[in-house]
Amino acid sequence: MKLSHWIPAGGLAVVATTALYAGQGQMAGQTQAARTASRSDVAVTGRAGDPARVVLPKVERLFDGYVRDGKMPGIVGAFGIGDRPTLFPASGAIADGTGQPVADADSLWRVYSMTKPITGMAAMMLVEDGKLGLDDPLSKYIPAFKTMTVATSPDTSLATRPATTPITIRMLLTHTAGLGYSINVKGPLLKEYERRGVLPMSVNAAMETQMAQVRPTSLEEFANRAATLPLVAEPGTRWSYSIGLDVMGRVIEVASGMPFERFLQTRMFTPLKMTSTFFRVPPGQVKRLATNYAFVGDTRTPLDPAATSVFLQAPSFPYGGAGLVMSARDYDRFLHMLDARGTLDGVRVMKPETVALGMSNLLPKGVRFGGIGTGNGASAAGNAMGFGAGGSVYLADVPGGASKGTYGWGGAAGTIGWVDPVRHVRGTVMVNYFPGERWPLRNEVVAALFSDVAVRAAAADRAAGPRSAMGAGMRAGTQR
């Protein structure tokens with residue numbers, strides 16, 4: 001099963017996004033039809049057939065078209081700039097069929113690998129605390145990793161040689177430890193991953209019955225088993241997508257002295273008021289959970305129906321690489337915290353320098369990240385990319401697109417999340433279907449979003465006039 005990944009929000013200039021919010025306020029005042037937000041940090045945009053509520057017309061037409069054309073049951077976006085209210089365009093429902101709940105800011109979605117940046121930033125908290133060092137050997141926290149072997153022909157053989165470089169925390173965070181993934185290793189090594197239960201991912205209840213029989217039941221046991229597998233490359237020499245962030249969950253337990261999930265809840269989810277973030281969806285919240293689908297040819301088939309979802313069960317252990325179910329509102333709060341350099345609503349969870357370090361290029365010297373297929377936009381942009389704490393990082397500005405330092409990642413079921421720390425723009429898109437690359441969601445959503453904010457920027461400038469302080473501020477790009 002191929003993972004889908006992140007593409008940055010191209011073209012979201014400060015001048016344009018500032019105008020977007022100015023336009024929103026004018027529209028609400030003129031029509032008095034704006035939908036009342038349930039929380040103060042939300043600005044809800046329109047749905048099909050209600051033009052008075054439209055704030056992002058091209059995005060919303062795009063979303064409505066996806067649903068109308070049967071590409072997906074529903075979709076939710078979360079787009080924000082600085083501390084202005086988040087916009088939540090949405091269309092459709094969280095499952096096929098009549099009478100299903102509408103998709104909205106509080107619907108629950110499987111974010112899969114968008115869990116990785118959360119685990120990565122949790123590790124950075126411990127770096128800030130002085131309990132973890134980026135260049136500490138992994139064996140300091142998990143002794144089983146002290147003596148490793150490297151497969152000499154990982155696609156065809158289990159023949160090995162001794163590793164000459166120790167795995168470090170930096171390598172775990174950046175997928176350069178030489179660890180593999182059951183989604184990309186091949187041949188006899190894949191069979192070893194499967195035989196030893198190194199399978200940190202939930203798909204549906206039927207598959208879970210089989211996987212749970214061989215999977216370890218604790219992070220400690222999982223990490224120790226992972227240490228017995230041959231590496232696919234010498235540590236620190238090559239980028240290879242991996243179980244590194246799952247192993248990091250065990251490192252966090254050891255370094256913090258508390259269970260991984262408790263650390264996340266105590267240090268991140270509770271302070272940030274991320275009240276809809278779960279490794280296991282509570283029974284009372286199942287009505288908010290979207291159904292996950294799989295495309296077989298052109299047919300969309302329920303793969304993990306909400307009512308019987310595997311995410312209603314406790315996982316074998318908390319998967320730091322692919323385990324979370326979240327709302328668009330909650331993921332936006334995580335990204336908002338990163339954009340605000342560690343503080344949200346007056347609550348600091350990380351120091352600014354810690355956030356900046358986690359969102360910087362942490363790759364070992366000489367290692368490059370070339371992207372994964374076309375899903376993360378690296379090939380299309382022709383832009384150098386690095387890798388930070390669990391997410392990719394742009395190393396240079398893209399003309400008319402992402403700023404240097406834009407950080408984010410995506411999930412196997414099509415979700416997207418990014419933050420541009422220069423323009424103070426962030427975005428989340430929630431859908432649930434395999435494969436996540438089924439539709440060119442990333443390119444189309446970004447293009448529609450840019451078009452919307454550019455049109456509103458021009459309209460706001462015309463309305464305000466050249467002497468307007470707001471117009472001058474927008475043109476200078478100084479308003480956050």
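The values are calculated or read from the model by the stated rules, or taken from the named source; none is laboratory data. From a predicted model like this one, the values you see are computed outputs, not experimental measurements. Positions of Cβ are generated from backbone atoms using ideal geometry, with glycine treated the same way; all protein chains shown enter the neighbour counts.
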Could you check region 320-436 for helices (runs of 4 or more DSSP H) lying wholly inside it with 3 or more residues that are modelled with pLDDT under 95? 378-381
Taking region 346-362, which residues are touching a helix residue (DSSP H, G or I) at 6+ places or on another chain (Cβ under 7 Å), farther than 20 Å from GLN265 by Cβ and surrounded by fewer than 22 Cβ atoms within 10 Å (Cβ to Cβ)? LYS351, LEU357
Out of ALA123, ALA159, sole residue that is modelled with pLDDT of 95 or more, on the phi < 0 side of the Ramachandran plot and surrounded by fewer than 16 Cβ atoms within 10 Å (Cβ to Cβ): ALA159
What are the residues in region 148-179 that are small (Gly, Ala, Ser) and assigned to a loop (DSSP other than H, G, I, E, B), if any? SER153, SER157, ALA159, ALA163, ALA177, GLY178
Could you tell me whether THR237 is assigned to a loop (DSSP other than H, G, I, E, B), of a type outside the set (Gly, Ala, Ser) and loosely packed, with under 15 Cβ neighbours inside 10 Å? no
Filter region 259-268 down to residues that are part of a helix (DSSP H, G or I) and touching an Asp or Glu at 6+ places or on another chain (Cβ under 8 Å), then give me how many there are. 2
Kindly check whether there is at least one residue in region 135-147 that is assigned to a helix (DSSP H, G or I), of a type in the set (Lys, Arg) and closer than 18 Å to VAL254 by Cβ. yes
Can you tell me which residue among PHE269, PHE311, PHE279 is in contact with a Ser or Thr (Cβ under 6 Å, 6 or more places away or on another chain) and among the aromatic types (Phe, Trp, Tyr)? PHE269
Verdict on GLY130 being free of Cβ contacts under 8 Å to residues at least 60 places away in the same chain, on the phi > 0 side of the Ramachandran plot and either under 23 Å from the mean Cα position of the chain (by Cα) or crowded, with 17+ Cβ neighbours inside 10 Å (or both): no
Within region 183-196, track down each residue that is surrounded by fewer than 19 Cβ atoms within 10 Å (Cβ to Cβ) and either touching a residue at least 40 places away in the same chain (Cβ under 8 Å) or not acidic (Asp, Glu) (or both). ILE183, ASN184, LYS186, GLY187, PRO188, LEU190, LYS191, ARG195, ARG196
Yes or no: LEU229 more than 18 Å from the chain's Cα centre (by Cα) and buried (at least 18 other Cβ atoms within 10 Å of the Cβ)? yes
Output the number of residues of region 406-430 satisfying the condition of being over 12 Å from the mean Cα position of the chain (by Cα) and in contact (Cβ under 8 Å) with a residue 60 or more places away in the chain. 6
Please work out which one of (1) under 19 Å from SER240 (Cα atoms); (2) in contact with a strand residue (DSSP E or B) (Cβ under 9 Å, 6 or more places away or on another chain); (3) part of a loop (DSSP other than H, G, I, E, B) is the condition SER182 fails and give its number. (2)
Please tell me if ARG329 is under 30 Å from ASP96 (Cβ atoms), charged (D, E, K, R) and more than 18 Å from the chain's Cα centre (by Cα). no
Which numbered condition SER451 fails, given (1) modelled with pLDDT of 80 or more; (2) surrounded by 24 or more Cβ atoms within 10 Å (Cβ to Cβ): (2)
Condition broken by LYS287, with the remaining ones in (1) of a type in the set (D, E, K, R); (2) touching an Asp or Glu at 6+ places or on another chain (Cβ under 9 Å); (3) surrounded by fewer than 18 Cβ atoms within 10 Å (Cβ to Cβ); (4) assigned by TED's automatic domain parsing to the domain that holds GLY74 satisfied: (2)
Subset of region 103-125 that is small (Gly, Ala, Ser) and in a loop (DSSP other than H, G, I, E, B) - its residue that is nearest to GLY74 (Cα to Cα): ALA103
Matching residues in region 270-309 - criterion: being within 23 Å of GLY320 (Cα to Cα), assigned to a helix (DSSP H, G or I) and free of Cβ contacts under 8 Å to residues at least 60 places away in the same chain: PRO283, VAL286
Any residue at all in region 394-409 that's out of contact with any His (no Cβ under 6 Å at 6 or more places or on another chain), aliphatic (A, V, I, L, M), assigned by TED's automatic domain parsing to the domain that holds ASP104 and under 24 Å from LEU245 (Cα atoms)? yes
